[in-house]
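Asker: Got a structure for you, questions after.
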Amino acid sequence: MNSNSPASRKQSVFNVRRFLLTAALIAVVAGIAGIIITGRNGGSGPVATPSTDANASANAVAPSTAATTATPGAQPTATQPTTATTAAAPAIVKPATDELAWVAAAPGSPTEKATPIGSLDAKVAQFQLQLTARGAGISEIIFSELWQTARDAASARTGTPPTEGQYVLTAPGKLQGFSVPLLSARVLDVDGRQIRVDGNVWRETAPGTFVTEISDGTGALQLRATRRWVVEPGSYDLRCEQRVENLASTPHVIRWIQFGPTNLARDPNDSVDPRRFQSGYLMSKERDPGQQTVIVHDATIDQSKLVTQVEGGDVVVWPTERQTQERYGLSWFGATNRYFALAVHAPYAAPGSTVKTIAPAIASVAAQVGDGMHNGIPEKVIFTTCSSDALTVAPGASAAFDIGVFAGPLERSMLTTMQPYAALNMQGLILYLMSGCCNFCTFAWLADFLVWFLAFLHNYVVFDWGLAIIALVVVVRGLLHPLTRRSQISMQRVTKQMASIKPEIDLLQKRYKEDPKKLQEETIRLYREKGVNPLGCAGGMVPTFLQMPIWIALYAVLYFAFELRQQPAFFGIFQKMGGWPFLSDLSAQDRFISLPFEANLYIATVDSINLIPILMGVVFFIQQKYMTPPPTATQTPEQEQQQKMMKWMMVILFPVMLYTAPSGLTLYIATSTLVGIYESIRVKAEVAKMDFSKPQTAKNGWLQKAYSNAMKRAQDVQQKSQKRAQASATKAPSKKFRDK
């Protein structure tokens, strides 16, 4: 074919066009791949789909707030935050290359291993922070003088602290397969762009200080973000100073989104899941113009309930619909386990500061569900995301998103007296409440009093927690002694009087066998003539019932009170016998003999022989066998059998239920029962000298009236039942006859 022919020229043009089209397609694919690669920010972290991304969740729950303008001027230092005032947001001029991805990157090269701050020397600091360049967050918080086990704590008390074994706060699980550093940065929202900063995009410029820079699609710097961690000396508090500096020639609207407090790891000995999320908040300015009263009421949610809520599609933790309607302002938000808390709170570092709102740094809190482990069993854990208000930052200006952080024990004396905790009412983090169905019956007010009273006995009277518990028994028994004495005398009186009138009662039962109502009237008349109150026996259970709230509240105190954590009984005398673990921790089971294996029973995991619950069962048996009065003359054989069953249930069921309970609680119950036996012996000796043979004028008191009314209601119910049965019996034959 001639190369100069029209057909040849047409083919050449077609080939050129095909080449140019192929080249264009390759260029587009390469560009998209480059955007995806650079969009990863050079780091690793939890990558979520849009439907499950916590950033989207944070945006969804963020309240609609007016943008604020940062004051331009000199660049702020880490200790000189730039103030922001409410103003109308200026028009945002977006660059022509807005369709290209903005990325965060470390200036220079990312830091591989960050420098720890704080110290493991208790004279220098309360903890050491292990930091990471991933999100400029915290890998671990290692406490300098708080320990994992009672054995380590005992060694520390003797002046020879172990080289390791300090208690550590860290995230207990993973979010979408990735470990998340505590309180790490997550996203920087710039004019609606979601720029991830949770990866390895930070450079450490000084111990505790990290910097990242935001560039647009052309590579031009737009923003510089700084995070600076500062450990407060002699305190469990630290500051997180967060700044965003506008390096561009146009203003930007900034929202800072970071991971908030997450679930803390559970104690290996937890019998229930005690973890909670709690908030302290301010009323609206109309109700509290000074914004000085931090409220903690009705702002607590259990871990299990929050997991159910989030899995049901509701990711909002703060503010809820009601909190938004009431225009509450967040002051602090924290996660707690049995003894420790991790909470973000209003920056309160300056002496004399009265700022109690955490805004603008945190305006909303959302949640996601991750995966964790407890004692080798998979469990669900919560990760929270905190989003700030939107701040408009002018060119050359900076915005501050500072927060305070409390990471420490739930120690009452500290949270009620030290600042900023007392001013922010952070003692609300302490709740002596059992989770789940036991929540309503824990008697929190009584638990608060017991903590105070036990601390008083320990600090000023007996100087030992075990002896303080025994002293509490003496005090409670002493207060209840008049009632105990009166009830036991009443029981003895009724027992003897009922025995004396048994022949007359038998005669009445034979005489009015066919007339129950008349039998009831004559029986009550006989009781009045003889001065007998059949309900007098019930009074013997009153002291026990009155002590039940104390037992329940004491259980909560011994379970949650940090003051008793890892505290031995009787000045640690058993630990001085070669490190014997018996009663080394009043907040745990007594561990009389440790077993070389674990028995995973249905109600608990047993790894030791516990002596005090066994002794408690023996004491209960003695009390039931020798101290309980004999059956009354009016009891039927069935009632006597039921009474015996109840006695044995108490002897067996209580020790089984409390076998793995805090040893301080079983010590209290066993001691109280022993004191009760002594009281019974004394009262019996006193009763033996009394003469119950003389009839007494019956007192028509409230107890007698209650008995009469109860008997009457029971008789009415019985008569109605008999009438219905008779009516049914008379109707049945007629129906059968009609059927025939």
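Asker: Looking only at segment 452-462, decide whether some residue is surrounded by fewer than 17 Cβ atoms within 10 Å (Cβ to Cβ) and either among the hydroxyl-bearing types (Ser, Thr, Tyr) or more than 22 Å from ILE550 (Cα to Cα) (or both).
Answerer: There is at least one residue in segment 452-462 that is surrounded by fewer than 17 Cβ atoms within 10 Å (Cβ to Cβ) and either among the hydroxyl-bearing types (Ser, Thr, Tyr) or more than 22 Å from ILE550 (Cα to Cα) (or both).
Asker: So which of ASP288, ASP273 is assigned to a loop (DSSP other than H, G, I, E, B) and either of a type in the set (Val, Ile, Thr) or out of contact with any helix residue (DSSP H, G or I) (no Cβ under 9 Å at 6 or more places or on another chain) (or both)? So that I can check it myself, show each step before the final result.
Answerer: Working: ASP273 fails: either of a type in the set (Val, Ile, Thr) or out of contact with any helix residue (DSSP H, G or I) (no Cβ under 9 Å at 6 or more places or on another chain) (or both).
Among ASP288, ASP273, only ASP288 is assigned to a loop (DSSP other than H, G, I, E, B) and either of a type in the set (Val, Ile, Thr) or out of contact with any helix residue (DSSP H, G or I) (no Cβ under 9 Å at 6 or more places or on another chain) (or both).
Asker: Considering GLY404, GLY329, which residue is of a type in the set (Gly, Ala, Ser), within 22 Å of ARG255 (Cα to Cα) and in contact with a His (Cβ under 6 Å, 6 or more places away or on another chain)?
Answerer: GLY404
Asker: Given LEU586, LEU595, which one is in contact with an Asp or Glu (Cβ under 6 Å, 6 or more places away or on another chain) and either modelled with pLDDT of 85 or more or outside any helix (DSSP H, G or I) (or both)? Walk me through how you get there before you give the answer.
Answerer: On the way: LEU586 fails: in contact with an Asp or Glu (Cβ under 6 Å, 6 or more places away or on another chain).
So the residue among LEU586, LEU595 that is in contact with an Asp or Glu (Cβ under 6 Å, 6 or more places away or on another chain) and either modelled with pLDDT of 85 or more or outside any helix (DSSP H, G or I) (or both) is LEU595.
Asker: Where residues in segment 291-311 are in a loop (DSSP other than H, G, I, E, B) and closer than 15 Å to ARG322 by Cβ, which of them is modelled with the highest pLDDT?
Answerer: ALA299
Asker: Continuing with the same structure: Residues ARG485, ARG493, ARG565: which one is modelled with pLDDT of 75 or more, more than 30 Å from GLN148 (Cβ to Cβ) and not hydrophobic (A, V, I, L, M, F, W, C)? Step through it out loud before you land on a result.
Answerer: On the way: ARG493 fails: modelled with pLDDT of 75 or more; ARG565 fails: more than 30 Å from GLN148 (Cβ to Cβ).
The unique qualifying residue is ARG485.
Asker: I would also like to ask the following. Mind counting the residues in segment 216-241 that are in a strand (DSSP E or B), out of contact with any helix residue (DSSP H, G or I) (no Cβ under 7 Å at 6 or more places or on another chain) and under 29 Å from GLU145 (Cα atoms)?
Answerer: 9
Asker: List the residue pairs whose Cβ atoms are under 6 Å apart, where the first residue sits in segment 356-384 and is under 18 Å from VAL294 (Cα atoms) and without any contact (Cβ under 8 Å) to a residue 60 or more places away in the chain, the second is part of a loop (DSSP other than H, G, I, E, B) and aliphatic (A, V, I, L, M), and the two are 6 or more positions apart or on different chains.
Answerer: ILE358/ALA346
Asker: Pairs please, first residue from segment 110-123 and touching a residue at least 24 places away in the same chain (Cβ under 8 Å), second anywhere and β-branched (Val, Ile, Thr) and assigned to a loop (DSSP other than H, G, I, E, B), Cβ atoms under 9 Å, 6+ apart in sequence or on different chains.
Answerer: Going by the 9 Å Cβ cut-off, the qualifying pairs are PRO110/VAL201; THR111/THR132; ALA114/THR132; GLY118/VAL124.
Asker: Right, here's the next one. Condition first: modelled with pLDDT of 80 or more, surrounded by 13 or more Cβ atoms within 10 Å (Cβ to Cβ) and among the β-branched types (Val, Ile, Thr). Now tell me which residues in segment 658-709 satisfy that.
Answerer: Passing the criteria: THR660, THR666, ILE669, THR671, THR673, VAL675, ILE677, VAL683.
Asker: Quick check on this structure: which one of PRO107, PRO161 is in the same structural domain as PRO261 (by TED's automatic domain parsing), in a loop (DSSP other than H, G, I, E, B) and surrounded by fewer than 15 Cβ atoms within 10 Å (Cβ to Cβ)?
Answerer: Details: PRO161 fails: surrounded by fewer than 15 Cβ atoms within 10 Å (Cβ to Cβ).
Matching residue, one of PRO107, PRO161: PRO107.
Asker: Which of (1) in contact with a Ser or Thr (Cβ under 8 Å, 6 or more places away or on another chain); (2) among the β-branched types (Val, Ile, Thr); (3) under 20 Å from VAL405 (Cα atoms) does VAL344 not meet, given it meets every other one?
Answerer: (1)
Asker: Still on this model: Could you list, in sequence order, the residues of segment 253-266 that are within 12 Å of the chain's Cα centre (by Cα) and surrounded by fewer than 24 Cβ atoms within 10 Å (Cβ to Cβ)?
Answerer: Across segment 253-266, the qualifying residues are ALA265, ARG266.
Asker: Exactly one condition in (1) in contact with a Leu (Cβ under 7 Å, 6 or more places away or on another chain); (2) part of a loop (DSSP other than H, G, I, E, B); (3) of a type in the set (Asp, Glu) is not met by ASP198; state its number.
Answerer: Every condition holds for ASP198 apart from (1).
The values are calculated or read from the model by the stated rules, or taken from the named source; none is laboratory data. Since the model is a prediction, treat every value here as computed from it, not as a measurement. When we count neighbours, we look across all protein chains shown, and the Cβ atoms used for this are built from the backbone with ideal geometry, even at glycine.
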